[in-house]
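Below: one structure, written as structure tokens.
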Amino acid sequence: MKVSEFLLQTLEKNGVIRIFGNPGTTEISLVNACEKRGKIQYIIALSEVAAVPMADGCARATRSLGVVNLHVAPGLGNGMGALYTAAIAGTPLLVLVGGQDRRLLHTRPVLWGPLEKMAGSVCKAVYSLDTRHDAAANVKQALRAALTLPYGPVALICPPDLLEREIDAAPATVVAPRLSTLAEEDARRYARFLTGAKHPALIAAEDVHWSDGSAELETLANILGAPVYAAPYTGVLPVASSAPCYAGYLPPSMKQLSDRLAAHDALFFIGGRGLRTTLYSEPKLPQKKAWIGNDSSVISPEGEFELARVADVRGAVQQLNILVREMRKKRKTASLRRGIPLPPAPKGKLHPSRAVHVLLERFRDAVWVDESGLSTSDVRQWMELNAGCYLINGSGGIGWGLAAAVGAAIGQNKRQVVAVIGDGSALYASEALWSAEHNGTKMLLVVLSNRRYTTLNEAATRLAEGPLEAFNLEPPVIDFSGLAKLYGWRYAQASTEKELDAFLDAARGKIKANTLLELKLDPALKPVTASRHF
Ligand SMILES: Cc1ncc(C[n+]2csc(CCOP(=O)(O)OP(=O)(O)O)c2C)c(N)n1
Ligand SMILES: [Mg+2]
């Protein structure tokens, strides 16, 4: 069979059902093979900045490998920002990069470029189909690497002349190495670490999601009577935010984070590679610390871990549950989520905090994708979502959320997907709206129109003398009804609470056609938790 057929059938045998991509001439043989076999769906994105987050969002929402196809050097270049995000958040992604026909490489054809170098800066490994003899092995090796923890993007460069070559190889499932649970003595050490503490805190990251370990983690928290915090910028909610043990997201600043954790005498990090913070402040985490997770490149936030083991997170937490239960009587988990009163309704206006609150109430069972700028901390304050049902970029790189939500909606077509996106963030890859409509999703996209880069103004209040004119996005006022129209979406707007309630009452928790709901906000009204932002 041709190498392209071998590639496709190997993906099929390993459970892949869709490839997101923006193809070119060099990918025609792959798209052709997809259409002919009719098993893997090739989902067209209108740009690479949309294709990569779509594949990433779909992978996270379905807890499975994402596959994305990018066109040679400029396509890979366009996708690199989002590949960076997938790498930081640790999403398993196989990135099929179209190469250039090697028979004319010596002429420096257009679209040629240093693909290995480019992909190597944002992927955990890069493989290439080099000859007829190693093609099958490299396909399998790239796939195996993508399915091996710690997850991240893995590139496979596919020159079109090689995709057309005949090889004699049988597609098969690949066996990725798995992590094992803790050695018995190590498990006891961890159990002693936890039971020896008066007020331990559990700090969870993406590894919990990928190992499907949120229920076990919740059990551990309940046995210990300990809260679970989501580590700053965790890309997928690791434990149900409706659970009494859920204590919220940690803020991405060491100062604020130290304050939040001050009452704890032991910190148990479950997953992650370290604490992702943004603006500098001195770390102050004198507590004893232990870590368990998938990635041995983890760094301790301050001082040293007492214990650190690479292990299967779900299995290890299950072991700890048994041991800790034997060692300690069940304690009651007191909720550490601080209640915050809603601000009063402003006359004739929509308060961003009240809007976020009511949306969360009405779409409790949805998959939420949040890139709501300064409102993010409000979303986290009130969300009562299931584990795995709240996604953020995880890297700080905006322009991911809208397209990732489209990928999530394509992957989870029975679930309601709600994306809450700032007006600035909504415009980096908005062409993903076309892919949503083309694939028949029924999403709700809420755009928070404050006509500002408000987050940057908030930062400028700390880093400069105050808000800056450059962060003002008017004139012209961006008319989101035009964006909805462009891609065949329904459009609704609300600038008062009454209008928002009317929309939500009519929807009754289920959106029947892709709808862009524009919330027209007064930029002077700040989200009530805005000060938690940095
Ligand atoms: C890829 C990328 N480019 C630029 C930025 C810098 N940045 C951070 S917040 C922000 C503005 C977000 O604006 P909006 O989505 O309207 O939310 P708001 O701050 O108004 O709540 C920008 C440009 C970034 N984080 N990532
Ligand atoms: Mg804005």
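The values are calculated or read from the model by the stated rules, or taken from the named source; none is laboratory data. Since we're looking at a predicted model, the values are computed, not measured. Glycine also receives a Cβ, built like all others from the backbone with ideal geometry; neighbour counts cover every protein chain displayed. To get the accessible areas, we keep the full protein, side chains included, count just its heavy atoms, and leave off ligands, DNA and RNA. Shrake-Rupley method; radii C 1.70, N 1.55, O 1.52, S 1.80 Å.
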Inset, instruction - Would you mind checking the pairs Lys347/Lys498; Lys414/Lys498; Lys349/Lys498; Lys13/Lys442; Lys13/Lys414 and listing those with alpha carbons more than 18 angstrom apart? - result: Lys414/Lys498; Lys13/Lys442; Lys13/Lys414
Legend entry - Part-to-part distance (alpha-carbon centres) for region 461-477 and region 158-233, which is given in Å: 42
Legend entry - Cβ-derived FRET efficiency at R0 45 Å, Arg338 paired with Asp130, nearest 0.05: 0.20
Inset, instruction - Output the antiparallel fraction of DSSP beta bridges having both residues in the chain, as a percent to the nearest 5. - result: 5
Inset, instruction - Using a Förster distance of 56 angstrom, determine the FRET efficiency expected from the C-beta separation of Glu306 and Arg415, and round it to 0.05. - result: 0.90
Inset, instruction - Net charge near Lys442: determine it from the other residues with C-beta under 12 Å of the C-beta of Lys442, scoring Lys and Arg +1 and Asp and Glu -1. - result: +4
Inset, instruction - Pop out the carbon and sulfur fraction of the accessible area of region 363-506 as a percent, whole number, probe 1.4 Å. - result: 52
Inset, instruction - Pull out the extension gain between Ala502 and Glu282, defined as 0.36 nm times the separation in residues minus the alpha carbon to alpha carbon distance; nm, one decimal. - result: 74.5 nm
Inset, instruction - Using amide H atoms built 1.01 Å from N in the peptide plane, name the residues 5+ places from Thr496, or on other chains, whose amide H lies under 5 Å from its own. - result: none
Inset, instruction - Please report, as a whole percent, how much of the solvent-accessible surface of region 1-151 comes from carbon and sulfur atoms (probe radius 1.4 Å). - result: 54
Legend entry - Sum of side-chain charges, Arg273 neighbourhood, beta-carbon under 11 Å (Lys, Arg +1; Asp, Glu -1): -2
Inset, instruction - Work out, step by step, the length gained on full extension between Lys349 and Ala464: first 0.36 nm times the residue separation, then minus their alpha carbon distance; give nm to one decimal. - result: 38.5 nm
Legend entry - Net charge contributed by nearby residues that have their C-beta within less than 13 Å of Gly394 (K/R +1, D/E -1): -2
Legend entry - For the chain, radius of gyration divided by Kirkwood radius, i.e. Rg to Rh on alpha-carbons: 0.98
Inset, instruction - Mind checking which of Pro153, Tyr190, Ser353 is farthest towards the positive end of the chain's charge dipole, using Cβ charges of +1 (Lys, Arg) and -1 (Asp, Glu) about the Cα centre? - result: Tyr190
Legend entry - For region 276-332 versus region 341-360, the gap between their alpha-carbon centres in whole angstrom: 37
Inset, instruction - Would you mind working out the accessible area per residue for the chain, using a 1.4 Å probe, and quoting it in Å²? - result: 41
Legend entry - Residues whose placed amide H lies under 5 Å from that of Leu267, excluding near-sequence neighbours: Ala201, Lys288, Lys289, Ala290
Inset, instruction - State, as an integer percentage, the relative contact order of the chain based on alpha-carbon contacts under 8 Å between residues 6 or more apart. - result: 15
Inset, instruction - Give the longest segment of the chain that steers clear of GluC sites (Glu not before Pro) in DSSP loops with at most 11 neighbouring Cβ atoms within 10 Å, not counting the sites themselves. - result: 1-303
Inset, instruction - On the protein heavy atoms, probe 1.4 angstrom, tell me the percent of accessible surface of region 216-360 carried by carbon and sulfur. - result: 54
Inset, instruction - Apply the Debye scattering formula to region 125-232, with a single equal point scatterer on each alpha-carbon and no solvent, then give log10 I(q)/I(0) at q = 0.13 Å⁻¹. - result: -0.68
Legend entry - Equivalent-ellipsoid semi-axes of region 191-322, from the Cα gyration tensor, Å, largest first: 20, 16, 15
Inset, instruction - Between Ala215 and Arg108, take the C-beta separation as r, use R0 = 60 Å, and let me know the FRET efficiency to the nearest 0.05. - result: 0.60
